[in-house]
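Visitor: A single structure is presented below for examination.
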Amino acid sequence: MNIIEKHFMRYFLLLFWVGLVFSCKTSEEPKIGLITENAMVVSAHPLASEVGKQIMEEGGNAVDAAIAVHMALAVVYPEAGNIGGGGFFVIRNQDGSTHSLDFRERGPLLAHRDMYLDEDGEVIDRKSIKGHLAAGVPGAVDGMARAHERFGSLPWKQLIQPAIDLAERGFVLSEAEAAKFNRAKENFNQYSTVNPSQFTGKEWEENDTLVQSQLAETLKLIRDQGRDGFYKGQTAKYIVEEMERGEGIISYEDLEKYESTWRAPLEGTYKNFKLITMGPPSSGGIIILQMLGILEDREISRNGEAYAEYLHLKTEMERRIYADRATYMADADYYPVPVQELLDRNYLSQRFQTFNPEKATPSDEIAAGKILSMSEETTHFSIVDPEGNAVACTTTLNGGMGSSVVVDGAGFILNNEMDDFSIKPGHPNMFGVLGGEANQIEPGKRMLSSMTPTILEKDGQLFMVVGTPGGSTIPTSVFQAIVNVVEFGMGMQQAVNEPRFHSQWQPELIFYEKEGMDQGIKSAMENKGHSFSERGGIGRVDGILVLPDGRLEGGADPRGMDEAFGF
Ligand code: DON
């Protein structure tokens, strides 16, 4: 096993550890998800989906619901839901206008390119992954405040209160959730400077109630003071004190200066569909548009041997595109990402000239394409409101329970997003993806992401809202959900349930889900030179599909406890 494979394997063990991995459930009968007339939320936790539904019943719009769901997930899904992390909103309003909000974490002002290397220039094990130095400056609270300023319709306080209630009164743990906290204990004890007793205070059992009093107080400050309740005053003091105790570098100035950014969403077409997705600092939108760009002129089928042809084609696209990711993709505020060139149809067809339908191209024969002019923890939720406004949000602490640092006094977990930078050229991050100069660490810069919250229009009308966690597997899982619906005619739930496959240039493997691989297809692909590796669930796609009669179908991923709520 080479170093990249080792890192990739380590990440998947980590996913297992945080309980993300569920065996793939396949079924004979097409599965149909919740169908509603007016509005829907699909998220990783039933309590958070319920909060979003309530907010819309109280007259809130999709952005109001998204803010409330984001805050609720910070309480009931603390391994990924967050106020100590960051993410992206992609918004399509009922009038057809589109927006994206980048509340991704940023490198602290004291961050520098070689901060995770020792004197010999070698990577210091786990330094970018666990502990105080792994944290980027959180963006989530600023993001929610800015989204509210621009599109919110209900009072801010009304949106934060449900999360406060969940933190203060507590919520009842399932068996899987209890096990997850028990597994996380060792890391919390090792990396937090003060015992985070709300998570580690006991051996958790099913039906225990988890109360998070410190987090409730922090949320009250946010409720009463907006973004200042997090970036200034008492919460900022707790964060900086935590940094001082743990030799971290996030300062008052970092917190004060953090600003999320409205960006034009990345848009592209596929046949009669328009995709509205996330551009840099995410690589996800570029990757799915590149893949769909190559796919557009080809015939694919889900049946028999033709399915092996499709999986071969998909793998070969992924190899080439993830090589482009390693070289060209980064925070475009700091590096000139050649977005239009990467999406250019001539570039894509040239890039694919070496494609052989009979044979896998070895990854070491693939490098990034030549551009002539340079011009696994996360969570996703999808929302459509009764007016037809839609929000796709993917948000993260990065790895499960982030840096495992709980800010004492403030009661929330800090992200370990710094590992998404390229900490040394050619050194894989925890998802096994490589990077170079484009994505090197710089103060204030955002680390390259794969998160791909995406909205589709069909013939100019809202059609689908979709996204997933899963690190580097995110863009390929979103791609598969889209292809399952658009090309294979599946409904939303069935598209989500379908077995997934993932490949990414390095390591040179196709990952498939346990019980998700047909032996005949596998042999056909092995004959073309592909190698496989079995793993647990890939991603947790949560989507909403607008049916031809205007009703909504939710697709909640059965790999987790994800659930759709609506009315
Ligand atoms: O932004 C990214 O691409 C990663 N930090 C996402 C991490 C993730 O999806 C882990 N969850 N499974």
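The values are calculated or read from the model by the stated rules, or taken from the named source; none is laboratory data. Because the structure is a prediction, the values reported are computed rather than measured. Every residue, glycine among them, receives a Cβ derived from its backbone with ideal geometry; neighbour counts consider all protein chains shown.
Visitor: Being of a type in the set (D, E, K, R) and in a helix (DSSP H, G or I) narrows it down to one residue among Asp120, Asp142; which is it?
Guide: Asp142
Visitor: In the stretch 94-115, what residues are of a type in the set (Asp, Glu) and either surrounded by fewer than 15 Cβ atoms within 10 Å (Cβ to Cβ) or more than 19 Å from the chain's Cα centre (by Cα) (or both)?
Guide: Going through the stretch 94-115, the residues of a type in the set (Asp, Glu) turn out to be 95, 102, 105, 114.
Selection gives Asp95, Asp114.
Visitor: Filter the stretch 390-424 down to the residues that are surrounded by fewer than 24 Cβ atoms within 10 Å (Cβ to Cβ) and out of contact with any Leu (no Cβ under 8 Å at 6 or more places or on another chain) and list them by number.
Guide: Of everything in the stretch 390-424, those that are surrounded by fewer than 24 Cβ atoms within 10 Å (Cβ to Cβ) and out of contact with any Leu (no Cβ under 8 Å at 6 or more places or on another chain) turn out to be Asp408, Gly409, Asp419.
Visitor: With part of a helix (DSSP H, G or I) and under 28 Å from Arg146 (Cα atoms) as the only criterion, which of Leu289, Leu313 stands out?
Guide: From the options Leu289, Leu313, the qualifying one is Leu289.
Visitor: Within the stretch 497-521, track down each residue that is part of a loop (DSSP other than H, G, I, E, B), touching a Lys or Arg at 6+ places or on another chain (Cβ under 8 Å) and of a type in the set (S, T, N, Q).
Guide: Passing the criteria: Ser503, Gln504.
Visitor: Assuming Met71 fulfils every condition listed in (1) away from the ligand (no atom under 16 Å from the Cβ); (2) surrounded by fewer than 24 Cβ atoms within 10 Å (Cβ to Cβ) apart from one, which condition is it?
Guide: Tallying (1) away from the ligand (no atom under 16 Å from the Cβ); (2) surrounded by fewer than 24 Cβ atoms within 10 Å (Cβ to Cβ), Met71 fails exactly one: (2).
Residue-wise test of (1) more than 14 Å from the chain's Cα centre (by Cα); (2) part of a loop (DSSP other than H, G, I, E, B); (3) of a type in the set (A, V, I, L, M, F, W, C); (4) more than 11 Å from the ligand (Cβ to nearest atom).
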site: Asp419; (1), (2), (3), (4): yes, no, no, no
site: Pro425; (1), (2), (3), (4): yes, yes, no, yes
site: Gly444; (1), (2), (3), (4): yes, yes, no, yes
site: Thr452; (1), (2), (3), (4): no, yes, no, no
site: Ile455; (1), (2), (3), (4): yes, no, yes, yes
site: Leu462; (1), (2), (3), (4): yes, no, yes, yes
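Visitor: Still on this structure, I have one more. Every residue in the stretch 432-442 that is within 16 Å of the ligand (Cβ to nearest atom) and at pLDDT 95 or above, please. Please lay out each step first, then the result.
Guide: Applying the first criterion (within 16 Å of the ligand (Cβ to nearest atom)) to the stretch 432-442 yields 432-435, 438-439, 441.
Ala438, Asn439, Ile441, listed by residue number.
Visitor: In the set Glu244, Glu177, which member is more than 20 Å from Ala140 (Cβ to Cβ), surrounded by fewer than 20 Cβ atoms within 10 Å (Cβ to Cβ) and at pLDDT 95 or above? Explain how you work it out, then say what you get.
Guide: Numbers: Glu177 fails: surrounded by fewer than 20 Cβ atoms within 10 Å (Cβ to Cβ).
Just a single option satisfies the conditions, and that option is Glu244.
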